[in-house]
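*Asks:* Please find one structure pasted underneath; my questions will follow.
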Amino acid sequence: MHIYRADLRDLAVCLTLDGSYETDHVWQVIQQVEGDGVTTRFQTVHLPRTMRVQYPGWSEALLAHQQRGDLILVASEAGDVRGYINQESQPDQGIAWIHHLIVTPAYRRQGIGTALLG
């Protein structure tokens, strides 16, 4: 597996990757007013059937992130892009935001996402 900074050709491939996933659980948000405050809890709820969640399209945003210098890395093997990560750094605050981390379905659960995060 080779991980490197994406170029424009890689971005075109990244936009074709399938980021959808299936789940049989969702988070339920529970808010309660207690005196002058609000308490928020998240509870896992099991769905009656598996649901497919489509990944939102965002081609213009990925190009804009690349143009402003955000870190976009791709994971590739034998010239085949298998995943990518898009990270926006805020060094003055000592933080970074992960906007997108996608691994194509055929290669999930093989450590590619972990390698991109590393």
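The values are calculated or read from the model by the stated rules, or taken from the named source; none is laboratory data. Keep in mind it's a predicted model, so treat the numbers as computed, not measured. Heads up, the Cβs are rebuilt from the backbone with ideal geometry, glycines too, and the neighbour counts pull from every protein chain shown. Heavy atoms of the whole protein, side chains included, go into the accessibility calculation; ligands, DNA and RNA do not. Shrake-Rupley method; radii C 1.70, N 1.55, O 1.52, S 1.80 Å.
*Asks:* Which of Ala61, Ala6, Gln28 sits closest to the plus end of the dipole of the range 1-70, meaning its Cα is farthest towards the positive end, when Lys and Arg get +1 and Asp and Glu get -1 on the C-beta?
*Replies:* Comparing the listed Cα positions along the dipole, Ala6 ranks first.
*Asks:* Once you wrap a convex hull around the alpha carbon atoms of the range 50-90, what is its projected area averaged over all directions, in nm²?
*Replies:* Taking a quarter of the hull surface, the average projection is 4.6 nm².
*Asks:* Oh, and also: Taking a 1.4 Å probe, which of Trp97, Trp58 shows the most accessible area, and what order do the others take after it? Spell out each step's value before the answer.
*Replies:* On the way: Trp97 135, Trp58 35 Å².
Largest to smallest exposure gives the sequence Trp97, Trp58.
*Asks:* Could I ask something else about it? Please give the solvent-accessible surface of Glu22 in Å², to the nearest 10, using a probe radius of 1.4 Å with every protein chain present.
*Replies:* Accessible surface of Glu22 is approximately 120 Å².
*Asks:* Right, here's the next one. Per residue, what volume in Å³ does the Cα convex hull of the range 14-63 take up?
*Replies:* 109 Å³
*Asks:* Moving on to the next point. If the chain between Arg5 and Val29 were fully stretched, how many nm would it gain, using 0.36 nm times the residue separation less the Cα-Cα distance? Spell out each step's value before the answer.
*Replies:* Working: separation 24, 0.36 × 24 = 8.64 nm, distance 3.72 nm.
Once the chain is fully extended between Arg5 and Val29, it gains 4.9 nm.
*Asks:* Right, another one. Rounded to the nearest 20 Debye, what is the dipole magnitude of the chain about its Cα centre when Lys and Arg each give +1 and Asp and Glu each give -1 at the C-beta? Please list the in-between numbers first.
*Replies:* Numbers: 9 positive and 13 negative charges, 69 e Å.
Charge dipole, the chain, about its Cα centre: 320 debye, nearest 20.
*Asks:* What number do you get for the range 74-118 when its Cα radius of gyration is normalised by 2.2 N^0.38 Å, N = residues?
*Replies:* Against the compact-globule rule of thumb, the ratio is 1.29.
*Asks:* If you take the Cα Rg of the chain and divide it by 2.2 N^0.38 Å, with N the number of residues, what do you get?
*Replies:* Scaled against compact globular proteins, the figure is 1.32.
*Asks:* Right, next: Return a whole-number percent for the relative contact order of the chain, with Cα pairs under 8 Å and 6 or more residues apart as the contact set.
*Replies:* 27 percent
*Asks:* If you keep only loop residues by DSSP, which trypsin sites (Lys or Arg not before Pro) in the range 44-118 have at most 13 other Cβ atoms within 10 Å of their Cβ? Write down the numbers at each step before the final one.
*Replies:* On the way: sites: Arg49, Arg52, Arg68, Arg82, Arg108, Arg109; in loops: Arg68, Arg108, Arg109.
Answer in residue order: Arg68, Arg109.
*Asks:* Mark the label point 7 Å from the Cα of Tyr21 along Cα→Cβ and return the residues of the range 75-104 whose backbone N is within less than 11 Å of it.
*Replies:* Output list for this probe position: 101-103.
*Asks:* Not counting ligands, DNA or RNA, and with a 1.4 Å probe, what is Leu101's accessible surface area in Å² rounded to the nearest 10?
*Replies:* In the full protein context, Leu101 sits at about 70 Å².
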